[in-house]
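J.: Here it is, the structure, as structure tokens.
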Amino acid sequence: MNIIELKNITKKYSIGKITVLALENINLTIQQGNFVAIMGHSGSGKSTLLNILGLLDKPSSGSYLLSGKEVSKLSDDELAFVRNELMGFVFQNFNLLSRISALENVALPNIYATHKTKINPLDLLSKVGLAERTKHKPNELSGGQQQRVAIARSLINNPLIIFADEPTGNLDSKSAQEIISLLQELNNSGITIIMVTHEPDLASVANRTIKLRDGKIISDDRVSSIKCCNEKNGIIKNLEHHSILNYSRIKDYFSQALRSLLSNKTRSILSILGVLVGVTCLIAMLALGKGAQEEVKKSISNLGSNILVVRAGAFQRGGITLGTGTRTRFTLFDVIETKKIPGVTNVVPYLSANSQVLYGNKNWNTRIVGTNVEYQEIKNSFPETGRFFTETETIQRTKVAVIGKTVKDHLFGDKNPIGEFIKIRKIDFQVIGVLPEKGTSGWQNLDDQILIPINTAKYRLMGREYIDYMDVQVEQEHLMELTAGRIKKLITQQHRLPPNKEDEIDIRNMAELQATISSTMKTFSYLLGSIAFVSLLVGGIGIMNIMLVSVTERTREIGLRKAIGANNKDILFQFIIESVTICIVGGIIGILLGVTISFALAKFAGWSTMVSVSSIILAFTFSSLVGFIFGLWPARKASLLNPIEALRYE
Ligand code: ADP
Ligand code: MG
């Protein structure tokens with residue numbers, strides 16, 4: 001039967017304004033089992049004809065029936081399927097993949113096969129006389145041997161037809177003879193062979209010789225009749241779209257990606273480095289931002305909520321000048337009066353001084369703070385062990401102390417300090433409680449202080465009548481402005497301040513400050529994050545660049561893969577997986593490095609960092625996404641290459 005039927009096949013190439021008619025109205029039928037030689041001068045259209053027959057190229061017009069089915073209108077993927085299933089190709093320049101062994105080259109079309117044959121690539125290599133060379137790479141084989149590998153490859157899916165374009169063109173005459181005998185042998189077993197050749201004596205093995213000149217058939221000689229027929233019976237059973245993602249394809253995508261990465265180590269490492277730096281940056285920056293945010297949050301919450309800090313005169317100046325050289329400062333009376341203002345829940349006075357503290361032979365320099373019972377409420381600082389001093393103890397000026405964690409550690413170590421006596425300015429104080437660990441609040445370390453009753457501080461320790469400042473806690477945030485005004489009014493009256501001195505009552509709204517700090521911190525983290533984002537983007541552009549180079553460099557490989565049955569999706573996946581692999585490797589190392597750096601920053605530089613699981617997930621997802629997005633364009637470019645143009649690419 002007719003396996004091939006061409007009707008009025010024409011192929012035009014347009015280069016600028018010139019149109020080359022490479023094939024003109026070719027009518028040709030080829031029976032199954034034929035050995036056809038196509039001959040003619042260079043430029044006569046032999047390769048063009050063979051490429052159209054082999055579905056590597058599409059005719060400009062005309063009809064092509066393959067086993068009775070019209071194929072010139074099939075989609076790219078259907079063509080790939082037919083090439084894989086029914087055809088084998090042997091090229092003048094062999095077109096073996098240089099990175100893989102002879103055996104793997106032979107098995108290559110299997111990857112893309114929908115119906116796998118049981119043919120063992122090893123058997124095929126022995127059949128072409130290369131049983132001893134299975135592990136050799138193409139560059140470790142002679143030209144003749146490479147061509148035999150290529151023939152073995154063309155047989156792996158048990159083809160109906162083998163197309164050979166000057167298969168002996170690059171070989172010496174002895175190797176050429178061997179190749180021709182091989183083809184003849186295959187023909188004897190029933191495979192249709194269509195071969196382009198220049199050499200009349202090689203063409204003599206064919207039973208039919210077609211001569212071309214200027215794109216037209218000028219002669220068609222049948223020497224002998226067809227010998228045999230093929231068991232495949234020439235039926236193209238099913239030309240439906242067959243690109244099932246099976247295991248062998250996926251495995252191949254990964255192994256190809258890995259191979260390609262390994263074969264260009266420097267390049268791979270550099271592009272991995274780009275992503276790695278980005279991801280490391282991302283993790284470290286997020287950890288820093290988060291750490292700083294947490295730190296500030298804690299510090300802010302240590303200030304207490306809805307607090308007005310009320311001072312007489314600006315900070316550290318102490319008092320409001322009254323003109324005649326006298327100053328007025330706040331007293332406990334102000335505290336009591338302020339407490340009476342509606343909406344005020346707690347008022348806490350502070351009177352502090354630095355002092356040396358002794359316990360046994362240990363001493364420690366710390367801040368002694370006189371305050372009242374309400375301190376623990378507004379700072380949410382109820383003693384962990386022991387207790388706070390009471391109202392009565394405050395009134396009675398009792399010599400009791402509640403100490404911070406740092407003070408406890410320095411004076412007592414692991415010992416229980418409750419009930420022990422410490423000396424502050426030569427006065428014995430009994431330790432009655434230890435404050436919970438708080439860290440810093442604004443500029444103060446809340447763990448490095450000793451709290452004593454305010455009256456004790458005033459009369460026994462510091463001998464001062466006034467207090468430094470007071471914290472006023474307001475019931476609700478929206479009442480803070482109002483309350484601040486009331487406090488000002490109260491103090492102005494109490495101290496008989498002239499109206500122009502009202503401004504010297506310094507009232508700070510901590511809630512506002514907290515809000516400002518929080519939003520600043522948020523901006524700060526966003527800034528850090530965006531720096532990391534940009535560096536990851538730069539890494540991604542690097543990947544895209546590398547992938548484009550990779551596609552260009554492997555254009556011929558892409559052409560070959562398509563010739564033996566890879567469809568567009570196969571090529572697309574292969575390249576995307578390559579770029580995603582780069583990014584995932586970079587991402588994983590980057591995450592490890594970023595986490596390490598974050599911990600190192602915390603440990604050695606004392607910065608607070610916090611690596612969150614979500615930042616790791618984000619970095620991983622983001623880097624894989626970078627690989628996908630920046631790999632997509634090069635991969636698409638590769639997948640859309642026309643097989644024959646890709647194969648011709650120099
Ligand atoms: P042969 O294989 O017989 O030497 P080809 O089939 O390769 O000849 O080429 C036939 C004609 O088509 C030549 O004139 C050649 O210049 C032209 N041709 C082949 N391929 C292309 C192409 N990709 N673009 C433009 N012209 C082409
Ligand atoms: Mg040619």
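Read-outs: derived from the displayed coordinates by stated rules, not from any lab. What you see is a predicted model, and the numbers here were worked out from it, not measured in a lab. A quick note on method: Cβ atoms are made from the backbone with ideal geometry, for glycine too, and the neighbour counts reach across all protein chains shown.
J.: So what is the calculated 222 nm ellipticity per residue for the chain, using -39500 (n - 2.57) for each DSSP H run with n of 4 or more, over all residues, to the nearest 500 deg cm²/dmol?
T.: Values: 19 runs with 283 residues, N = 650.
Helix-only estimate at 222 nm: -14000 deg cm²/dmol.
J.: According to a simple spin-label model (label point 7 Å from Cα along Cα-to-Cβ), what is the distance in nm between T117 and S612?
T.: With each label point 7 Å from Cα toward Cβ, the separation is 5.9 nm.
J.: Kirkwood Rh over Cα pairs of the chain into Stokes-Einstein at 25 °C, 0.890 mPa s: D in µm²/s?
T.: Details: Rh = 32.2 Å.
Roughly 76 µm²/s, to the nearest whole number.
J.: Tell me the chymotrypsin sites (Phe, Trp or Tyr not before Pro) within the stretch 92-199 that lie in a loop according to DSSP and have at most 12 other beta-carbon atoms within 10 Å.
T.: Values: sites: F94, Y112, F163; in loops: F94, Y112.
Counting only loop positions with at most 12 other Cβ atoms within 10 Å, none of the chymotrypsin sites (Phe, Trp or Tyr not before Pro) in the stretch 92-199 qualifies.
J.: Give me the distance in nm between label points sitting 7 Å out from Cα along the Cα-to-Cβ direction at E384 and L537, one decimal.
T.: Rounded to a tenth, the inter-label distance reads 4.6 nm.
J.: Moving on to the next point. Could you put R311, R460 in order, starting from the residue whose Cβ has the fewest other Cβ atoms within 10 Å?
T.: R460, R311
J.: Whole-Hz Karplus ³J(HN,Hα) for the stretch 80-88, in order, using 6.51 cos²θ - 1.76 cosθ + 1.60 and θ = phi - 60°, x for Gly and Pro?
T.: So the Karplus estimates, Gly and Pro as x, are 4, 4, 5, 4, 5, 6, 10, 10, x Hz.
J.: Straight-line reach only, C-alpha to C-alpha below 19 angstrom: list the aspartates and glutamates that K135 could link to, leaving out same-chain residues fewer than 8 apart.
T.: The reachable aspartates and glutamates, counting only those whose Cα sits under 19 Å from K135, are E104, D123, D252.
J.: As a footprinting exposure proxy, order Y247, Y459 by other Cβ within 10 Å, with the fewest listed first.
T.: Working: Y247 7, Y459 14.
Least crowded to most crowded, the residues run Y247, Y459.
J.: Moving on. Give the dimensionless ratio obtained when the Cα radius of gyration of the stretch 2-243 is divided by 2.2 N^0.38 Å.
T.: Details: Rg = 17.3 Å, N = 242, 2.2 N^0.38 = 17.7 Å.
Expressed relative to 2.2 N^0.38 Å, the Cα Rg reads 0.98.
J.: May I pose another question? Report the extension gain between L548 and T10 in nm, rounded to one decimal, defined as 0.36 nm multiplied by the number of residues separating them, less their alpha carbon distance.
T.: Details: separation 538, 0.36 × 538 = 193.68 nm, distance 3.42 nm.
Gain on extension, L548 to T10, equals 190.3 nm.
J.: Going toward the positive end of the dipole of the chain, with +1 on Lys and Arg Cβ and -1 on Asp and Glu Cβ, which of S352, A22, W443 do you reach last?
T.: Of the listed residues, the answer is S352.
J.: Turning to a different aspect of this structure: Arrange the peptides 410-423, 626-639 so that the one whose residues have, on average, the most other Cβ atoms within 10 Å appears first. Show your work: numbers first, answer last.
T.: Working: 410-423: 15.4, 626-639: 21.7.
Packing proxy ranking, top to bottom: 626-639, 410-423.
J.: Between N346 and residues 5 or more places away or on another chain, which pairs have amide H atoms under 5 Å apart, with H built 1.01 Å from N, and which residues are they?
T.: Residues meeting the criterion, in which the H sits 1.01 Å from N, are Q473.
J.: Over all alpha-carbon pairs of the stretch 138-190, lay out the pair-distance distribution in 5 Å bins, whole %, shortest bin first.
T.: For the stretch 138-190, the binned pair fractions read 4, 19, 32, 26, 13, 5, 1 percent.
J.: Any chance you could give the angle, 0 to 90 degrees and rounded to 10, that helix 265-302 forms with the longest Cα principal axis of the chain?
T.: That helix lies at roughly 20 degrees to the long axis.
J.: If packing is taken as the average count of other Cβ atoms within 10 Å, what order do 284-291, 265-272 fall into, highest mean first? Could you put the intermediate results ahead of the total?
T.: Numbers: 284-291: 22.9, 265-272: 16.6.
Ranking the peptides 284-291, 265-272 by packing returns 284-291, 265-272.
J.: For the stretch 495-524 and the stretch 343-378, compute the distance between their C-alpha centroids and round to whole Å.
T.: If you average the Cα positions of each part, the centres end up 23 Å apart.
J.: Something else: Give the separation of the Cα centroids, the stretch 77-136 to the stretch 593-641, in Å.
T.: Each part's Cα centre sits 39 Å from the other's.
J.: May I pose another question? Any idea what log10 I(q)/I(0) is at q = 0.21, 0.22 Å⁻¹ for the stretch 471-587, Debye with uniform C-alpha scatterers and no solvent?
T.: Those come out to -1.13, -1.18, one per q.
J.: Something else now. For each pair in K127/K174; K12/K58; K297/K489, compute the distance between the two Cα atoms and list the pairs where it is over 21 Å.
T.: Numbers: K127/K174 18 Å; K12/K58 10 Å; K297/K489 33 Å.
Over 21 Å Cα-Cα: K297/K489.
J.: Along Cα→Cβ, 7 Å out, is where each label goes; now give me the distance between the ones at S355 and T326 in nm to one decimal.
T.: The modelled label-to-label distance comes out at 2.9 nm.
J.: What fraction of the DSSP beta bridges in the chain is antiparallel, stated in percent and rounded to the nearest 5?
T.: Working: 62 of 89 bridges.
The antiparallel proportion sits near 70 percent.
J.: By the gyration tensor of its Cα atoms, with a ≥ b ≥ c the square roots of the eigenvalues, what is the shape of the stretch 329-496: rounded for a/c under 1.5, prolate for a/b over b/c, or oblate? Show your work: numbers first, answer last.
T.: On the way: a/c = 2.33, a/b = 1.76, b/c = 1.32.
The shape class here is prolate.
J.: Treating the angle as unsigned and between 0 and 90°, give the value, to the nearest 10°, between the Cα long axis of helix 143-155 and the longest Cα principal axis of the chain.
T.: For helix 143-155, the angle is close to 80 degrees.
J.: Which of the lysines could a cross-linker bridge to K408, judged by Cα under 22 Å and excluding same-chain residues fewer than eight apart?
T.: Filter leaves K298, K362, K379, K399, K423, K426, K438.
J.: Here's a follow-up. Distance between the C-alpha centers of the stretch 541-576 and the stretch 29-54? Whole Å please.
T.: 29 Å
J.: Can you give the FRET efficiency for V20 and I269, using 1/(1 + (r/R0)^6), R0 = 41 Å, r = Cβ-Cβ distance, to the nearest 0.05? Walk me through the numbers on the way to the answer.
T.: Working: r = 46 Å, r/R0 = 1.12.
Calculated value: 0.35.
J.: Could you give the C-alpha radius of gyration of the stretch 37-124 expressed as a fraction of 2.2 N^0.38 Å, taking N as the number of residues it contains? Intermediate values should be presented prior to the final figure.
T.: Details: Rg = 15.2 Å, N = 88, 2.2 N^0.38 = 12.1 Å.
Here the answer is 1.26, to two decimals.
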